[in-house]
1. Hey, can you grab everything whose amide H is under 5 Å from the amide H of B:Leu223? Only 5+ residues off in sequence or another chain; H modelled, so Pro and N-termini drop out.
2. For peptide A:211-219, how many partner chain Cβ atoms fall within 10 Å of a residue's Cβ, on average?
3. Among A:179-192, B:244-257, B:78-91, what's the highest-first ranking by average C-beta atoms within 10 angstrom per residue?
4. Return the long-range amide H neighbours of A:Thr196 (sequence gap of 5 or more, or a different chain), with a cut-off of under 5 Å between placed amide H atoms.
5. Are there trypsin sites (Lys or Arg not before Pro) in the stretch B:212-244 that DSSP puts in a loop and that have at most 12 other Cβ atoms within 10 Å, and which ones?
6. Mind checking the mean number of beta-carbon atoms from other chains within 10 Å of the Cβ atoms in A:133-142?
7. What's the Cα-based Rg to Rh of the stretch A:96-135, Rh via Kirkwood?
8. Arranged by the count of other C-beta atoms within 10 angstrom, fewest first, what order do B:Asp69, A:Asp103 take?
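Every number in this text was worked out from the coordinates using simple rules, so none of it is lab data. Every value quoted in this text rests on a predicted model; they were computed, and no experiment measured them. All Cβ positions, even for glycine, are placed from backbone atoms using ideal geometry, and neighbour counts span all protein chains on display.
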Amino acid sequence: MADYISKTGRRMKITSRDGVSRDEFIPIALTNDVRSFFRLPASAKILMPLIPPYNENPTTARDERFRIPTGSATRSGDDSPFDSVLAWSTGPINTRRFLNDVDPAYSAAVDNGSVLLKNWDPATRPPDVRDAVSRLTPTGKIKTKILKIHGTLDPNIYPSTAISYVQKIVDQNLANQIRWYLVPGMGHVPATLEETLVDVNGKTVSLGVQLTHLDLLINWAEKGSDPGDFIGIDPSDPTKTIVAKGAHQLGLQSSPLKYFWTVSLAIAQHD
Amino acid sequence: MHIQDYRVAVFVPPGGPRGSDTLIRLVVFLSFFLIATAFDPLPSAAQTDPRSPTDRSDPLKSLVDKLNDPQRGAALRAQWNIDRAVWNEPVTAVRNGATVLVTPAHADIHTSIDSVGALWSPDGPLISAPHNPTSARVFIPRGYQNQTAPKRMVSFAPGGGYTEYTFEPRYAIRSPVLRRGYVLCVINAWSTVATPIPLGQWGTRLNEVVVFAQKMLSSGFALPAPTFDYAWGESRGARMLAYSSELSGTPFHGVIEERGGGDLVDSALQQIRLLNRSASRQSGRRTGNGRLHQQNWSPHENYLA
């Protein structure tokens, strides 16, 4: 049995821009309910990036730690990063906003209690709703070069959605227009290392993040140089960098799902 | 002000030029050169040391001064919906006895393509979100106009909840991008809660404001237009870029989609499916009717304020 949530907690510890290190996603003390929910067989470790978010657990869904503070219209802030990340990104707001846009009648019915959100199914909704969903669904017909970075352990925006998106681009025969990198072990955090220096007064000064992916993109767009290794922040040590290989470097440019498994299996073997 | 606004009278003796016509031509040439140098803001000599304080005559600094002048800057502000212009001196740090450039001197200009937000305030900006949904903060490094080609602009779309005013220190991109000499255009990552912008307008709005900023640089400020335009989106910003990238006429030569992009519908449907799985779990343990989750997704339960 692998305690995934504890494990990723250690992995996702980052140093934020203000220089304070902390775990961004994982509460220090896990309840037994939480532990039970996240406890999975070791064989499922490579499936971890695809697990549902934390509010699938009825206990955590009711837990105050998983909510935006009462009366606040803003993020709960970095003091409670786990709350804010969960509540705002993997929580219901994006989905409700989506529903408000594509099917406002159903959204209103959810609010007045006459229907359940879980029963919403675009296939059973009127044509105009399906059209609205369709308009918001990317076609993959991209008109510019895309360099995409995603963490294999992103709990906010699952890698599975990235795979689906890249597959659409591949299906449009535009695989040569996208280069994408899965960073092993990385969660929902900025992917590049922030550089600092210690000045003559002993004060730590930020020089900003490394522009490694921007350099890759510029050389690709202007000189036609196929992007090489992506140098990203090391999820296990935010003071260091790691090298991530793009799908095209591994010969998997047209097989996004296979690329995902390749990177994930490499993590499992490394662990 | 352009050179054609001035006339130079050159008196030539009757009978045409004689032996001194070379001298006259030289005088004429020098006159034009001096006028052009004095009144055209662009060819000003670049300051060689980016760590040094800005010369008073720096054309970019003069532009910011003009924008902050109630009379002289009124037309330019109105034309480009500029509600804030600030000049920033270089930031340096001393390490091991050497002075290191952290952030170059730069102009910080806020603009909006929605006139509702472009109300001039001498005391500072009107924070854009949510009433001013499509806006950008354009950072122009000192000496940008003197660089050898190519010139680049990077448009940054921050993650959810962040605006062009709150993207720092979360996204520490201003210093490194400006040190490269690129223009940085930070757009507002529209809130999913308060924004009046439909999701379907994310891409077009983003493209529009970037094109607007490009035109402001070239047509408004007489600066060179960027040769290459890039975009960099984080999370929700990457989602916007996914839409933007599928539009004909996208202004970008390339985009970075970091930890997001093209997933909005998939992610929403995933949440719906989770509710069903969650409800089925509950049915064996708790209420069995799924109402718990309907309540938890309600704004009345403080998920939305």
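1. Placed amide hydrogens put B:Ser218 under 5 Å from B:Leu223.
2. Across the residues of A:211-219, the mean count of other-chain Cβ atoms within 10 Å is 5.
3. Numbers: A:179-192: 24.8, B:244-257: 21.7, B:78-91: 18.3.
Descending packing order for the listed peptides: A:179-192, B:244-257, B:78-91.
4. For A:Thr196, the qualifying residues are A:Leu207.
5. On the way: sites: B:Lys215, B:Arg236, B:Arg239; in loops: none.
Sites meeting the loop and neighbour criteria: none at all.
6. Details: counts 3, 1, 5, 9, 5, 12, 2, 3, 4, 8.
Shielding by partners across A:133-142 averages 5.
7. Working: Rg = 9.4 Å, Rh = 10.1 Å.
Dividing the radius of gyration by the Kirkwood radius yields 0.94.
8. Lowest to highest Cβ neighbour count: B:Asp69, A:Asp103.
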